[in-house]
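The values are calculated or read from the model by the stated rules, or taken from the named source; none is laboratory data. The structure displayed is predicted, hence computed values, not measured ones. Cβ sites come from the backbone with ideal geometry, for glycine too, and all protein chains shown count toward neighbours. Heads up: the accessible areas ignore ligands, DNA and RNA and are worked out on the full protein's heavy atoms, side chains in. Shrake-Rupley method; radii C 1.70, N 1.55, O 1.52, S 1.80 Å.
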Amino acid sequence: MSITLEDNKRTAIAVKLADMKATQNLLIANEQSLIRACGDQEISNRLEGFLKDDQKNLDIINTVIVQYGIKAKPKPSMQKEIEEIENMMQDSEISLFEKVAKHELLKHTQAISGVLVHKAGQVVGADIAVAIAPLNAVNFENRGHEEQLKGMMESLSTLELTGKPSDSGLWSRVQDTLSALSGIAGGIMNHNDNEMDICDLIRLDHTKVNTLLGQIKATNDPLKLQEYFGQVYQDLSAHSEAEEEVVYPVVRPYYEEVQQLYDEQTQMKQMLEQIKAMNCEDIVAFKTAIERLTVAVTAHVSEEEKDMFPLIQNSLGDEQQKQLATDFTTAKSKIQDQRLAVASH
């Protein structure tokens, strides 16, 4: 059988990531609404901090989705739930305590979703762990937000029931819990994964493809071979197109050998198409073709990381490198969106 590019397990994780993105947008909208409705300065300040964190975390989730390499749409049930919560947040008959309580539940759901994606990735393939690693920062930060939201709920409920503020030690207890969480996280909560520059992003792609090629080498199961190669095909195709559109034109003035990179990627694309047309149940022929692809990929990766990366780092400023990373991610995302649109028809 010739290779198909869709795998149900990987698509299911893509849907979960799409749900997380939709939830993250809702968290941001909720916080903007709660800030406007809140008269307590302590709670308002903490919500402002949440908003800043969640806008950053949306960028991280977007980056993870692009690195994962498969685009999907949120489940219809998720869309329905979002509409219900949006209506609740706009309902003047619902108390601020109830709205914060709903927001805390949503934060918990988002944290659990991140954990589930990691667990599923461990089962499906080691390459997924590479792509979704930045979610660690989002997951731990959501845990920290949950603890603060519990403090807000205690403060608001006490005020609503008694007309008096909660005891003065509330926020000290919350801070103690946050300090403990931060220790467990080992600093992950403060890691700015969305600040990756272009070399970081390209290297992440290289690591993921090398992991996939290693998984292909380690199995003789035709279904696994099809699954792993399907992901290699999609990742390398999007990566090479985005590099040729965004990265290579920028480095051409500094790198005399850039045409060789174009030529190498043309050769790899031809190899991908040839392997895609093969019968993966012919294990020997399939793995021989994969080995040739691996040699080509390894040489190309070595050239980029040893020769092109230093030129980028020495010729472009930090902000230029980060902007190039943004442009590269945007280009990959558009390529993946086009693929999703074709698959939907």
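A few points about this structure:
- Beta carbons closer than 6 Å, at least 6 apart along the sequence or on distinct chains, pair a first residue in segment 47-75 that is under 18 Å from HIS239 (Cα atoms) with a second that is not in a helix (DSSP H, G or I) for VAL64/PRO134.
- Residues that are farther than 17 Å from GLU264 by Cα and assigned to a helix (DSSP H, G or I), drawn from segment 210-224: THR211, LEU212, LEU213, GLY214, GLN215, ILE216, LYS217, PRO222, LEU223, LYS224
- Tabulated pairs, segment 265-276, first open to solvent by less than 70 Å² (accessible area, probe 1.4 Å), second charged (D, E, K, R), C-beta under 8 angstrom, 6+ apart or interchain: GLN265/GLU243; GLN265/GLU244; MET271/ARG292
- In segment 230-264, the qualifying residues are those that are among the hydroxyl-bearing types (Ser, Thr, Tyr), within 28 Å of the chain's Cα centre (by Cα) and surrounded by 16 or more Cβ atoms within 10 Å (Cβ to Cβ), and the one that is farthest from LYS9 (Cα to Cα) is TYR248.
- Unmet criterion (only one of (1) open to solvent by 70 Å² or more (accessible area, probe 1.4 Å); (2) over 30 Å from LEU225 (Cα atoms); (3) within 24 Å of the chain's Cα centre (by Cα)) for LYS73: (2)
- Scope segment 105-129; condition open to solvent by 30 Å² or more (accessible area, probe 1.4 Å) and either at pLDDT 95 or above or over 30 Å from ASN210 (Cβ atoms) (or both); matching residues: LEU105, HIS108, THR109, ILE112
- Selection status of ILE60, assigned to a loop (DSSP other than H, G, I, E, B), open to solvent by less than 20 Å² (accessible area, probe 1.4 Å) and not charged (D, E, K, R): no
- Hey, GLU227 in a helix (DSSP H, G or I), acidic (Asp, Glu) and open to solvent by 40 Å² or more (accessible area, probe 1.4 Å) or not: no
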